[in-house]
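Here's the structure, in structure tokens; my notes come after.
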Amino acid sequence: MGTTPVDRFEVGVIVVKRRLNNPWVSHQWLPVGALPAVPPVAPWTTLGSTPDEETFYAGACEVRLHIGETAHYRDNLVSGRPSLWVSLRHVAGEEYEIASVTADPYEGEAMAEGIGEIVEPVPMPEPLQATLAAFIEAFHIERKFEKRKRDRADPEALARRNRPVKSSGASE
């Protein structure tokens, strides 16, 4: 008897703070990686530093998989560049938090259209690709696309009807 694929897993998120040569903005925060497991390190631990960039372990985030989105996950895996979309939310001052992480490319694109959060696709580690593939294998149902035919418009339903005008009660 096989094991049931997981529908959620935690990832560790790696971000960088890059120095910019810009008169209005001194630096940029950017998600750059995901770890297939959560390391025993405190969130916002510095992992490395150069004069132009600091790398941090930002913390862990749970990725939830939904049975109705298996076609989206499959599109992600066969894209040639499987990714996780990481969203960072500004908290205050120099503080950011991980808002969400998703494996759904369409949800990731929608998150990127929002204002105020930093959203970037990062490479999906191979162990997570295997987890996603197992979930797709267990739950994907191929649905045939059927184009619906539109109903013909009923011109009579759209025409104005003569309705009696109500009098306001004043004498004419």
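The values are calculated or read from the model by the stated rules, or taken from the named source; none is laboratory data. Just so we're clear, the structure is a prediction, and the values are computed from it rather than from any experiment. In this analysis, Cβ positions are derived from the backbone assuming ideal geometry, glycine residues included, and neighbour counts consider all displayed protein chains.
Condition test on VAL78, is it surrounded by 12 or more Cβ atoms within 10 Å (Cβ to Cβ) and either closer than 25 Å to THR131 by Cβ or touching a residue at least 40 places away in the same chain (Cβ under 8 Å) (or both)?
In short, no.
How about region 43-70: which of its residues are under 22 Å from THR102 (Cα atoms), surrounded by fewer than 15 Cβ atoms within 10 Å (Cβ to Cβ) and over 18 Å from the mean Cα position of the chain (by Cα)?
Those that are under 22 Å from THR102 (Cα atoms), surrounded by fewer than 15 Cβ atoms within 10 Å (Cβ to Cβ) and over 18 Å from the mean Cα position of the chain (by Cα): PRO43, TRP44.
Being in contact (Cβ under 8 Å) with a residue 24 or more places away in the chain and assigned to a loop (DSSP other than H, G, I, E, B) is the filter; apply it to region 1-40 and report the residue that is farthest from MET111 (Cα to Cα).
So, considering only residues that are in contact (Cβ under 8 Å) with a residue 24 or more places away in the chain and assigned to a loop (DSSP other than H, G, I, E, B), the one farthest from MET111 (Cα to Cα) is THR4.
Of all residues in region 102-120 being within 18 Å of ALA71 (Cα to Cα) and buried (at least 18 other Cβ atoms within 10 Å of the Cβ), which is nearest to the chain's Cα centre (by Cα)?
Among those that are within 18 Å of ALA71 (Cα to Cα) and buried (at least 18 other Cβ atoms within 10 Å of the Cβ), it is GLY108.
Suppose we filter ALA170, ALA133 for residues that are out of contact with any Pro (no Cβ under 8 Å at 6 or more places or on another chain), among the small types (Gly, Ala, Ser) and either under 30 Å from ARG64 (Cα atoms) or modelled with pLDDT of 70 or more (or both); which single one remains?
So the residue among ALA170, ALA133 that is out of contact with any Pro (no Cβ under 8 Å at 6 or more places or on another chain), among the small types (Gly, Ala, Ser) and either under 30 Å from ARG64 (Cα atoms) or modelled with pLDDT of 70 or more (or both) is ALA133.
For LEU77, indicate whether it is modelled with pLDDT of 95 or more and within 23 Å of PRO5 (Cα to Cα).
Criteria met by LEU77.
Only residues that are touching a helix residue (DSSP H, G or I) at 6+ places or on another chain (Cβ under 9 Å), assigned to a loop (DSSP other than H, G, I, E, B) and small (Gly, Ala, Ser): list them for region 84-122, please.
Listed by number, the list holds a single entry, ALA103.
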